[in-house]
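The values are calculated or read from the model by the stated rules, or taken from the named source; none is laboratory data. Predicted model, so just to flag it, every value in this text is computed and none were measured. No Cβ is skipped: glycine too gets one built from the backbone with ideal geometry, and neighbour counts run over all protein chains shown.
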Amino acid sequence: MLLALLLALSSLMINQANGSTIFVVGGRAWVGEPLGNGSYVLMSVNSSGAIIGLLTNGSLRIIYFIPSPSAQQDLTAPLSPPVNESSVVYAFTNASSDFYLRLFTVNRVSNGELTGPSRNVTYLGYPPYSINLGSGVNCFTTYIYASFPSPPQVIPLPVYVNAGPFITKVTGRITLVRTTPSVPIEVLGPDYVVVPLAPIRSATYSVQVCSPVNASLGPINDLIQGIRFSGKYSYSTSVPYGDPITGVPAYRTGWCSDYAMYAAHVLEGEGFNAEVAVGYTIQNGQASELDYHAWLEAFVDGDGWIDAEVTPPSLTASGGAGGMGGVGSVLMGLAISIPSLLALIVAFMDRVGRQR
C-alpha cells in the first residue's frame, strides 16, 4: 500500500521549497529530493518516526526507519584526542595552509566533551549554496577544490584562519559551488553544518577573503598574543584538569580545544559572541585524522565571524605548530545524527501546514 501511495506522488505535488518537492499523501507529508533520471530520495514522518526511501523507476527501496527521538541531539567533539583509534577521513585540496576545513562550532562543555549548539534546518536543496560568515574591505575571491577518497558525512567549509599575532583577514562569503556527483544537501543552523544526502567524491567552493574594518579587534589580538605568542603556555594532549575554563589559566597547558574554549570564554566575558570551531588544518594540501583541530571563532560587529588560532606553537605537537591530535571514531559521530533528518521533515511538515 505504501508503494502504491508513493507511485501516485507526481499528481500530489503541492509546492517547491529551496529546490525540494513537497507532497501530501493521505494527509501525510513527504519531501522528495530529485537525484536525477527520475529518481527521488523520499522522507516522511509521523509520531512513531521517520521513513526514508529511494524511488527509482517506480520502485521504492526503504533505506531507514528512524524512531522518534526523545530530544534533539547536539554534535560533540572530544576535549582530548582519542587514543588508539583511527578514522577514514581524508581530503586533498588546493587550499593554502591559511585555510582550515571547518565542520561546525561548539559552545559549551558537557560531560567531558564540547557540545552544541542546537540545530535547526536552514536549507534543503542543491548547490550552489552561499554562507555569509563575514564582510570587510579589499576583498578577493579564491576558488578551492577538495576531493574525498572516502565520501564525507559532513562537507567541510574552507575558512581563512588568522594564525599570526594580529587579525589580518576575515572570511566573507563561502559558496559551495558544486559537488561531484551533484547531490542534494541539507544545511543545519545556526552554524552551517552541510550534509550531503548521497555520497560525494569532491566539492568546489568560492571563498571571499577580506581585510577587517572594525577597530574593536584589540581584545582578540591581546588574547592571541597573550596565549599563543607569549611563551608562557605549552601544548599538551595530557592535562591535569577537566574544565579548560579554569584549567588553562591555572596550569598554562592544554590541547587545541582547551585553548579555544578558554579563549571563547574570556571573550564572552568582554562582550563578544565567541565559539569553538571544529575541523581540520591543511598540511601540504591534505587533511586527515591527524589534522583534526579546534580553534577560536569570534563575532565582531561590522566584520562578522573571525577565525583565529590560539593554540601555542609546539615542536612536539603531532600535527606541527597548529597543535593537532588524532581523531577517532568520534569524528564519525560528528556526522549529523539520524534524528536531524527527523527535524528536517518536521520543519517541512510545518511549512506544508501553514500553506494549506
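Quick one: which helices (runs of 4 or more DSSP H) sit completely within the stretch 244-356 and have at least 3 residues that are at pLDDT below 90?
Because the criterion is at least 3 residues that are at pLDDT below 90, the helices (runs of 4 or more DSSP H) in the stretch 244-356 that meet it are 330-334, 339-355.
Could you please find all residues in the stretch 199-222 being at pLDDT below 95, buried (at least 16 other Cβ atoms within 10 Å of the Cβ) and within 21 Å of residue 89 (Cα to Cα)?
Within the stretch 199-222, 200 is the sole residue that qualifies.
Look through the stretch 102-131, keep the residues that are basic (Lys, Arg) and more than 21 Å from residue 172 (Cα to Cα), and return whichever of them is modelled with the lowest pLDDT.
119
Out of curiosity, is residue 119 touching a residue at least 60 places away in the same chain (Cβ under 8 Å) and not small (Gly, Ala, Ser)?
Yes.
Only residues that are surrounded by fewer than 14 Cβ atoms within 10 Å (Cβ to Cβ) and in a strand (DSSP E or B): list them for the stretch 140-149, please.
The answer is 140, 141, 143.
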